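Enquirer: The structure's right below; bear with me while I get my questions together.
Values in this text are rule-based calculations from the coordinates and carry no lab data. The model shown is predicted, which means the values in this text are computed figures rather than measured ones. Backbone-built Cβ (ideal geometry, glycine too); neighbour counts: all protein chains shown.
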Amino acid sequence: MFTPFNNTLAVDFRPNDGGGIGLQSFVHEYGHFLDYNTKDELPRSLSSDFADVLNKTQAEINNIDIKKAHENKAYLNTPSEIFARGFELYASKMGLNNSLIKGSKSYENSIRYTTFTPEIRKRMFKYFDKEFPDLKRNIELSKNQQNKKIEESVDQLPEREIRRQAFLIEKGRLHTQNDRKILAKKARLAHKYGLER
């Protein structure tokens, strides 16, 4: 969680087992950090540059049947929460995919993210591109480096070991790091060698 009073970002390293927040909330909380750490007097979420995104998102939230969604409208309408959720969605759409953020599927059905309509997303992503110009490039660079490391590590394994590991992963008897990219790579190997269920 982020506390603006003392400008502290606390990280919860416990895994999300369905009952807690877990490490994957880091990008959301980092969005709060970026919101409050600006050279201006006001947080970025209250800036005139973000006002259009904020107003349109609040209008969408006010139009939903909150009882069906089991959400708190006042909380969802908070400018800092809209900014942090928007930043989290932006980072996911830019391709950030690791244990610091939810899986991309998490952003498809939750009312917290569906209130960012395609029009709002377009404006919001344009805002984040302008506000944090290096972020998109750095995410892409990180993805390329990670893919290269995975390819190099796979290339160093003999084919027999690749088949063995793919078989064990497919049977649920071998667990790699809890990193979605690595697990996806192993799943592709299992598919390649016809070891999937």
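Enquirer: I need Glu88, Glu140, Glu41 ordered by Cβ neighbour count within 10 Å, fewest first.
Expert: Working: Glu88 25, Glu140 13, Glu41 6.
Going from least to most buried by this count: Glu41, Glu140, Glu88.
Enquirer: If you rank Asp49, Asp65 by fewest surrounding Cβ atoms within 10 Å, what's the result? Intermediate values should be presented prior to the final figure.
Expert: On the way: Asp49 11, Asp65 7.
Ascending number of Cβ neighbours within 10 Å: Asp65, Asp49.
Enquirer: Continuing with the same structure: Past the 19 Å Cα-Cα mark, which pairs from Lys73/Lys102; Lys39/Lys143; Lys143/Lys185; Lys93/Lys126; Lys102/Lys126?
Expert: Numbers: Lys73/Lys102 22 Å; Lys39/Lys143 30 Å; Lys143/Lys185 13 Å; Lys93/Lys126 12 Å; Lys102/Lys126 22 Å.
In this structure, Lys73/Lys102; Lys39/Lys143; Lys102/Lys126 exceed 19 Å between Cα atoms.
Enquirer: Tell me the label-point distance for the pair Phe13, Asn55, using the 7 Å Cα-to-Cβ offset, in nm and rounded to one decimal.
Expert: 4.6
Enquirer: Efficiency by 1/(1 + (r/R0)^6): what FRET value for Arg164 and Lys143, r their Cβ-Cβ distance, R0 = 25 Å, to the nearest 0.05? Could the numbers behind the result be given before it?
Expert: Numbers: r = 28 Å, r/R0 = 1.11.
Computed FRET efficiency for Arg164 and Lys143 comes out at 0.35.
Enquirer: Continuing with this model, one more query. Only loop residues by DSSP count here, and only those with at most 12 other Cβ atoms within 10 Å; note down the trypsin sites (Lys or Arg not before Pro) in the range 34-84 that meet that.
Expert: Values: sites: Lys39, Arg44, Lys56, Lys67, Lys68, Lys73; in loops: Lys39.
Sparse-neighbourhood loop trypsin sites (Lys or Arg not before Pro): Lys39.
Enquirer: Based on other C-beta atoms within 10 Å, arrange Glu161, Glu71, Glu170 from fewest to most. Kindly include the intermediate steps, with their values, before the conclusion.
Expert: Values: Glu161 11, Glu71 16, Glu170 19.
Ascending Cβ contact count within 10 Å gives the list Glu161, Glu71, Glu170.
Enquirer: Report, please, the projected area of the range 2-138 averaged over directions, based on the convex hull of its C-alpha atoms, in nm². Intermediate values should be presented prior to the final figure.
Expert: Numbers: hull surface 34.5 nm².
For the Cα atoms of the range 2-138, the hull's average projected area reads 8.6 nm².
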